[in-house]
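Values in this text are rule-based calculations from the coordinates and carry no lab data. On a predicted model such as this, the values are computed, not experimentally measured, just so you know. Cβ placement follows ideal geometry from the backbone for every residue including glycine, while neighbour counts extend to all protein chains displayed.
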Amino acid sequence: MRSFRLPALAAALLLGAASLNVAPAQAASGRIVFKVGDTLRSAVLVERSRLKRKLRPVLIVFHNGTRTASLARRGLRFDRFATNGGVLVYADAPAGAWNIGADGKATAELAYVNALVRRLVADSLGDPRRIYLVGVGSGGIVALQAACRDGKSFAGVSALLAGLPPDELAACAPAHPLATMLVAGTADKRVPFEGGVADLPDYKGPMASAEATIGAFAQANGCGPKRGRTEAPDRDRADGSRAIIEAYPSCKAPVRLVRIEGGDHFAPSRTTGTRTPGQNRDVSSTNLVLSFFRLPGRDVAPRTAGAQ
């Protein structure tokens, strides 16, 4: 797959096409630029040549507070999704940090998400009924809040190593049932599983528990109270953790908590490289997300170091 940075003139032309609701004849991978109020923001688009008259699913990835969109692409590798016909978008925070605020309200970033979605829809880059969000760390906070505030724009949300601040949890009211998955480590020192104070580079405020966060979406989806429980095969017994998948019953859209017993603030990854203490190696974060959303591109074998 070939990707390149759009020159300023090309970016301006694309922005003009979006304002006229006219899509370019063929989209290519690269950086897209658009306005959020009076500010220029961007995201990285990864896709194959556009297929005429075919709307494709869209996966928007929100990096954590120590990365950029380009670095996130090297970590959470969803490129197989794009290779199999999906539209992959890596959202980009200014200077690598999401503006969540001490009160936990990511108001500015939610405006960015809305503008990004409008741009994708205006350029006919994907199916507006199949837009999925996935975020890691503080990026997961942004993804969850976007789903709570404007669920009608999305088909599903998945957050890894994240949760909702208490005030946002109380106000969470998705506009329609959303497929929702939370991946959380019980030994996470930065986003406490039982709730408390988050210790993220761009958010150090209060955080609700993993149970309360996923419970808000289960309630919105009309789920039953008793969860089914499945233990993933313990493929790496030396990693000190187990992946337990808990699914709510009778939901209008599926809701799942992936509990990483003994897992710290690392996305699960079936890598073959250097071992990271506190990282689960029984499951792949990429596979968990794509399988849950029923999107193409799952890995069939562990990747090299850096894949998650």
Self-check item: Taking the C-alpha atoms of the stretch 120-211, convex hull volume expressed per residue in Å³
Solution: 94
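If packing is taken as the average number of other Cβ atoms within 10 Å across a peptide's residues, how do 157-165, 117-125 rank, most packed first?
On the way: 157-165: 28.2, 117-125: 19.4.
Peptide ranking by packing, descending: 157-165, 117-125.
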Quiz item: Applying 1/(1 + (r/R0)^6) with R0 = 35 Å to the Cβ-Cβ distance of LYS54 and ALA232, what FRET efficiency is obtained, to the nearest 0.05?
Solution: 0.55
Quiz item: PRE reach from GLN219 (point 7 Å along Cα→Cβ): which of the stretch 246-274 fall under 20 Å by backbone N?
Solution: 247-258
Quiz prompt | Label point at ALA187 placed 7 Å out along Cα→Cβ; residues across the stretch 275-293 whose backbone nitrogen lies under 16 Å | solution = 275-283
Quiz item: In a Debye calculation with equal point scatterers on the alpha-carbon sites of the stretch 8-293 and no solvent, what is log10 I(q)/I(0) at q = 0.14 Å⁻¹?
Solution: -0.98
Quiz item: How far is it, in nm, from the label point at ILE244 to the one at HIS176 when both lie 7 Å from their Cα along the line to the Cβ?
Solution: 3.5
Exercise. Check each of the trypsin sites (Lys or Arg not before Pro) in the stretch 205-279 and keep only those in coil by DSSP with at most 14 other C-beta atoms within 10 angstrom; list them in order.
Key: LYS226, ARG235, ARG237, LYS252, ARG275
Quiz item: How much FRET efficiency would the formula 1/(1 + (r/R0)^6) give for ASP199 and ARG129, where r is the Cβ-Cβ distance and R0 is 35 Å, rounded to 0.05?
Solution: 0.40
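Among DSSP bridges having both ends in the stretch 8-293, what percentage is antiparallel? Round to the nearest 5. It would help to have the intermediate numbers written out before the result.
Details: 24 of 50 bridges.
Taking every DSSP beta bridge with both residues in the stretch 8-293, the antiparallel ones total about 50 percent.
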Quiz item: At what distance in angstrom do the alpha carbon centres of the stretch 111-151 and the stretch 219-275 lie from each other?
Solution: 24
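Cβ under 12 Å from GLU261's Cβ, GLU261 left aside: what net charge do those residues give with Lys, Arg +1 and Asp, Glu -1?
Details: positive: ARG229, ARG242, ARG259; negative: ASP188, GLU231, ASP234, ASP239, GLU246, ASP264, ASP282.
So the surrounding residues net to -4.
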